1. In whole Hz, what ³J(HN,Hα) sequence does segment 68-73 give by Karplus (6.51, -1.76, 1.60; θ = phi - 60°), x for Gly and Pro?
2. Between SER296 and LYS323, take the C-beta separation as r, use R0 = 22 Å, and let me know the FRET efficiency to the nearest 0.05.
3. Enter the accessible area per residue of the chain (Å², integer; probe 1.4 Å; all protein chains in place).
4. Helix 2-30 sits at what angle to the longest principal axis of the chain, using alpha carbons and giving 0 to 90 degrees rounded to 10?
5. Report, by chain and number, residues whose modeled amide H sits under 5 Å from the one on ASN267, excluding near sequence neighbours (fewer than 5 apart, same chain).
6. Counting other C-beta atoms within 10 Å, and keeping those with at most 16, which DSSP coil trypsin sites (Lys or Arg not before Pro) do you find in segment 283-352?
7. Could you give the dipole magnitude of segment 158-310 about its Cα centre, charging the beta-carbon of Lys and Arg +1 and that of Asp and Glu -1, in debye to the nearest 20?
8. Taking θ as phi - 60°, what are the ³J(HN,Hα) couplings along segment 144-156 by the Karplus curve (6.51, -1.76, 1.60), each to the nearest whole Hz, with x for Gly and Pro?
Amino acid sequence: MKTIKNLKIFLLACMAGALTITGCTKEEQSNSKASNSPVANKLDPERASGNTVLTLTGSGLGDMTSIVFEKGNVPASFNPTLNTDNALIFRVPDTANGGAQNIILTNRLGVQLKVPFNVVALPLVNTASNYNFIEGTEITLVGNNLEDVTSITLDGAAAEASIVSQSKKELVIKMPATTVNSAKLILTNSTGPITTNQVFVNLDKAYKIFTDDYGNGFENGSWGPASISTDFAKSGTKSFKAGYNKGNWSADGFANWNGVASMPEYNYLSFWVKGASADYTLYVTGDARAGGYGNSDRSVPIIVPANVWTYFKIPMTTLELWKKGPMKQLGFWIEGPEKQDESFYFDDVILVK
């Protein structure tokens, strides 16, 4: 009997809740009628970036059917239950174009209301086609809010890159002549300037082990089949093709048999590598490292994705290339490969200040 009584109480509570919800819905509908003369008193805030919540207050604001940001006719989604005669809550679209513009609101009667607003849409760079350059190198920057970028300068230098082409998501630039070792980029659009997280390296100021050819006395010092190749290149027209035969556990790379004395002014080893047919782990190795050269040196693994170019920039404090004296060998070894012969392509193997 007690169970039946509790069930009845539960059902009555559910019915009361349903009536309350229905009553709220009717009230919202009665307070959200379209007006022939909507008025906007205040938009808060009046300047904001994508995803920011905006609150518009005024009168006759009910029953809005669309909200569009004027530049590029970018629609904004909104919840009709948050729309009353006196207020409307919505978000700035992520895709809104930057700068001063109107937000155009249309109600069910087709009446439009225009409210001034300024979209904060600073340039954003997510990736770059290359992080190394010489004068004239074209680099593609991928991100957002790039269509109205008007200037690209090197941080800490007067040099300015030129714009080759641009769209909202992509900007192609041509790098200038400069004497800096490396620099971030400062991009400016109608909203303002930003400094990229990415650092771009001047190849003319780097210590070259391999670019389009061997540099600074280095040569092929590989255990497996390796050579300069024109099959693929990240910069220029050539790369270093490192071949690893099935089951060999070999190391390929570069050698300067005269030895290279310690150069503490260099802070990073960087390189591009195009992966093989599957994802593999390679190990950076050097004869003057603590672990010596070859198969026992597993302290610096790099995961190389299949079939794509991947950029690596490793601190010299991690590598300790001169731990045991002058460096004669620098390479990359693999456990295997076990299934088949594989080839990797290395380009722009350099030391960076």
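1. Values, residue by residue: 10, 7, 4, 5, x, 6 Hz.
2. 0.95
3. 49 Å²
4. Helix 2-30 sits roughly 90 degrees off the main axis of the chain.
5. Residues meeting the criterion, in which the H sits 1.01 Å from N, are VAL352, LYS353.
6. Counting only loop positions with at most 16 other Cβ atoms within 10 Å, the trypsin sites (Lys or Arg not before Pro) in segment 283-352 are ARG298, LYS323, LYS324, LYS339.
7. Approximately 380 debye in magnitude.
8. For segment 144-156, the Karplus curve yields 8, 6, 9, 6, 10, 5, 10, 8, 9, 10, 7, 4, x Hz.
The values are calculated or read from the model by the stated rules, or taken from the named source; none is laboratory data. What you are looking at is a predicted structure, and each value in this text was computed from that prediction instead of being measured. In this analysis, Cβ positions are derived from the backbone assuming ideal geometry, glycine residues included, and neighbour counts consider all displayed protein chains. The accessibility values were calculated without ligands, DNA or RNA, using every heavy atom of the protein model including side chains. Shrake-Rupley method; radii C 1.70, N 1.55, O 1.52, S 1.80 Å.
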